[in-house]
Amino acid sequence: MRIISGKYKTKKLAVLKSNDTRPTTDKVRENIFNILGPIEGSVLDLFAGSGALGIEALSRGADEAMFIDGAKDAIGIIKENTSGIDEPVEIFRNDYRRALRAMSKRDRRFDLVFLDPPYHKGMVVTSLELIDSLDILAEGGRIVVETHKDEVYQTPGHASLREAVYGTIRINVLTKEGEL
């Protein structure tokens, strides 16, 4: 895996050797960023895995990024992958619910949130509900949700800007309802 475009283009990324994670492929990441267009502001990479999405956002203009994952091995990979990154980076090993609540207490808001939880575990809806109720998404911010193409979920408080399927993966770009 590598960073596709921007400041860190061609930077090689380490990935976990476990079957518990599935890194977003270069092709899917490229399509996500083509949909998103220019990137700026603060990024949250929730369920970060290798950190590829957050690092790609930094490479393309984001000001800072926070990476959250519950797996110790993932945190090690993210630290390795973010070495040499100039922008401010925060990396936390934490349960996603606890992490979102902690960000709310710190009044942290993000312009772009990557939400790529384990498939078919119901974490998408819980995450979206928490992001909405805790006011984590900045005004005009976007959430990129990656799921299995067959996974069905509601988007409480959010409106879909664009949805696309790439093989077995569904990408849905959301914004706060009323901000279309």
Looking only at the range 138-172, how many residues end up being closer than 22 Å to Ala62 by Cα and either touching a His at 6+ places or on another chain (Cβ under 8 Å) or surrounded by 18 or more Cβ atoms within 10 Å (Cβ to Cβ) (or both)? 8
When you go through (1) over 17 Å from Asp86 (Cβ atoms); (2) assigned to a loop (DSSP other than H, G, I, E, B); (3) touching a residue at least 60 places away in the same chain (Cβ under 8 Å) one by one for Leu44, which number turns out not to apply? (2)
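Output the residues belonging to the range 119-154 that are of a type in the set (Val, Ile, Thr), assigned to a loop (DSSP other than H, G, I, E, B) and either in contact (Cβ under 8 Å) with a residue 24 or more places away in the chain or in contact with a Phe, Trp or Tyr (Cβ under 7 Å, 6 or more places away or on another chain) (or both).
Taking the range 119-154 first, the residues of a type in the set (Val, Ile, Thr) are 124-126, 131, 136, 143-145, 147, 152.
Of the ones still in play, those that are also assigned to a loop (DSSP other than H, G, I, E, B) are 136, 152.
Selection gives Ile136 alone.
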For the range 68-86, give me each residue that is assigned to a helix (DSSP H, G or I) and either farther than 17 Å from Lys9 by Cβ or among the β-branched types (Val, Ile, Thr) (or both). Lys72, Asp73, Ala74, Ile75, Gly76, Ile77, Ile78, Lys79, Glu80, Thr82
Considering the range 1-41 alone, what residues qualify as being touching a Lys or Arg at 6+ places or on another chain (Cβ under 8 Å), without any contact (Cβ under 8 Å) to a residue 24 or more places away in the chain and either polar (S, T, N, Q) or buried (at least 17 other Cβ atoms within 10 Å of the Cβ) (or both)? Thr10
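Tell me, yes or no, whether the range 95-104 has at least one residue that is among the aromatic types (Phe, Trp, Tyr), within 15 Å of the chain's Cα centre (by Cα) and either more than 21 Å from Ile39 (Cβ to Cβ) or not in a loop (DSSP other than H, G, I, E, B) (or both). Full working, then the answer.
Within the range 95-104, the subset among the aromatic types (Phe, Trp, Tyr) is 96.
Applying the additional criterion that residues be within 15 Å of the chain's Cα centre (by Cα) yields 96.
Still in the list and also either more than 21 Å from Ile39 (Cβ to Cβ) or not in a loop (DSSP other than H, G, I, E, B) (or both): 96.
Yes, because at least one residue in the range 95-104 is among the aromatic types (Phe, Trp, Tyr), within 15 Å of the chain's Cα centre (by Cα) and either more than 21 Å from Ile39 (Cβ to Cβ) or not in a loop (DSSP other than H, G, I, E, B) (or both).
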Kindly indicate whether Arg170 is in a strand (DSSP E or B) and farther than 21 Å from Pro38 by Cβ. yes
Hits in the range 159-173 - residues which are under 25 Å from Asp132 (Cα atoms) and in contact with a helix residue (DSSP H, G or I) (Cβ under 7 Å, 6 or more places away or on another chain): Arg162, Ala164, Ile169, Ile171, Val173
Out of (1) surrounded by fewer than 19 Cβ atoms within 10 Å (Cβ to Cβ); (2) at pLDDT 95 or above, the one Gly54 does not meet is (1)
Odd one out for Gly61 among (1) under 23 Å from Met103 (Cβ atoms); (2) free of Cβ contacts under 8 Å to residues at least 40 places away in the same chain; (3) surrounded by fewer than 16 Cβ atoms within 10 Å (Cβ to Cβ): (2)
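The values are calculated or read from the model by the stated rules, or taken from the named source; none is laboratory data. Only a predicted model underlies this, so the values are computations on that prediction, with no experimental measurement involved. For neighbour counting, all protein chains shown are included, and Cβ atoms are generated from backbone atoms with ideal geometry for every residue, glycine included.
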